[in-house]
Amino acid sequence: MPQYPVAWLVTTGRNRAIDGLRRERTLEDKTRLLRNDRLTVTMDEIDLDDSTVADERLKLIFTCCHPALATEAQVALTLRALGGLSTREIARGFLVPEETMKRRLSRAKAKIKAAGIPFAVPADRLLPDRLSAVLAVVYLIFNEGYTDRGDLASEAIRLGRLLAELMTDEPEIYGLLALMLLHDSRREARVVAGELVPLAYQDRSRYDRAKIDAGRSALGRALALRPTAGPYVIQAAIASLQADENIDWDEVTVLYEHLERLTGSPVVALNRAVAIAEAGSAGRALELVESLDLGDYRYFHSTRAELLRRLGRDDEARQAFERALRLAVTDSERRFLARRLSELWPSDGS
């Protein structure tokens, strides 16, 4: 409780009002630029093959994220048309089979055609209504580039910075920007000479300190705008802790618990299990992992394999590593999993 509650409320209200006026002015300036050469084509006129790379991508992302479509459809269609991702890559991001994603995209395009949804940049007052889907698009682009496509990750960060300039009082934008910067700061330490290096063994001198500082600055801005953190802000806070020399895994676990309550995501629960294991309870972590239904999600099987290995259940660990290896999508992941698997075989080959 502040010492002078009334004065605090007045000051806070005034500052929020000033921020709102600044945002309106900034938004008006930016959207005036976005409206130049306003698009009037329909979705049928867009070539949706893998080679499509659109100019003024942020404008087009807002255009595609029409609220008449379900959020999943908005995100998938935008990634397909503008994000440079294949249907298979998008399906992997949504944890569904490729054929399922093809059907979703077809239904979304059919709905656009039947409903006559205009392919046009929305008015500035409508941009916040599309923000959730836009953030999801940007984050999925980043995730696809996180392992071995630095160009995609850099593009996602660029879009995040543009969003922060466009909508200056949206904490989740700053949360997402912070999250991407903090994760990307570890790029040079995460894969070295083509070999994947787990977080515990990474050389922190290879971290990009400028990106860490920029990420933490964006996180601070997000928390200043709204102390009650949203999903991207919580994930950024976790990434900030993971950039420390000595990671407080108990605090990371608490943050994942909060994030899981907020999202209900089994992937978040899987990450919480990893934090529990790092905090010293591999058995409890495995119990949580075994309760999850994540099908062919490759990190589910590699996490389960690692926990089984730590618990000395080598036969089960080998089977889990073999499945994870079959599902791996990058060479660095395959090499890491193959090495882990070879370490579990007896030296005499029996």
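We did not get these values from a lab; they are worked out from the coordinates using the rules stated. Everything numeric in this text was worked out from a predicted model, so none of it was measured. In this analysis, Cβ positions are derived from the backbone assuming ideal geometry, glycine residues included, and neighbour counts consider all displayed protein chains.
Based on alpha-carbon centroids, what's the gap between the stretch 255-292 and the stretch 171-193 in Å, whole number please?
Rounded to whole Å, the Cα centres lie 21 Å apart.
Work out the FRET efficiency for Ser205 and Val254 from their Cβ-Cβ distance, taking R0 = 41 Å, and round it to the nearest 0.05.
0.90
Taking K and R as +1 and D and E as -1, what net charge do the other residues with C-beta under 11 Å from the C-beta of Leu77 add up to?
+4
Which value, in debye to the nearest 20, describes the size of the charge dipole of the stretch 194-350 about its Cα centre when Lys and Arg Cβ atoms bear +1, Asp and Glu Cβ atoms bear -1, and nothing else is charged?
Roughly 440 debye, rounded to the nearest 20.
Using modelled amide H (1.01 Å from N, peptide plane; none on Pro or chain starts), what sits under 5 Å from the amide H of Val191, excluding residues fewer than 5 places away?
Val197
How high is the relative contact order of the stretch 251-294, in percent, counting Cα pairs under 8 Å that sit 6 or more residues apart?
Once divided by the residue count of the stretch 251-294, the mean separation gives 35 percent.
What is the dipole size for the stretch 281-350, taken about its Cα centre, with +1 at each Lys and Arg Cβ and -1 at each Asp and Glu Cβ, in debye to the nearest 20?
Computed about the Cα centre, the dipole is about 200 debye.
Pull out a ≥ b ≥ c, the square roots of the eigenvalues of the alpha-carbon gyration tensor of the stretch 251-294, then state rounded if a/c is under 1.5, prolate if not and a/b is larger than b/c, and oblate in the remaining case.
oblate
Relative contact order for the stretch 296-350: what is it in percent, counting Cα pairs under 8 Å that are at least 6 residues apart?
Taking the mean separation of contacting Cα pairs over the length of the stretch 296-350, I get 32 percent.
Applying a 10 Å radius around every beta-carbon, put 223-235, 244-256 in order of their mean neighbour count, most first.
Highest-to-lowest ranking by the protection proxy: 223-235, 244-256.
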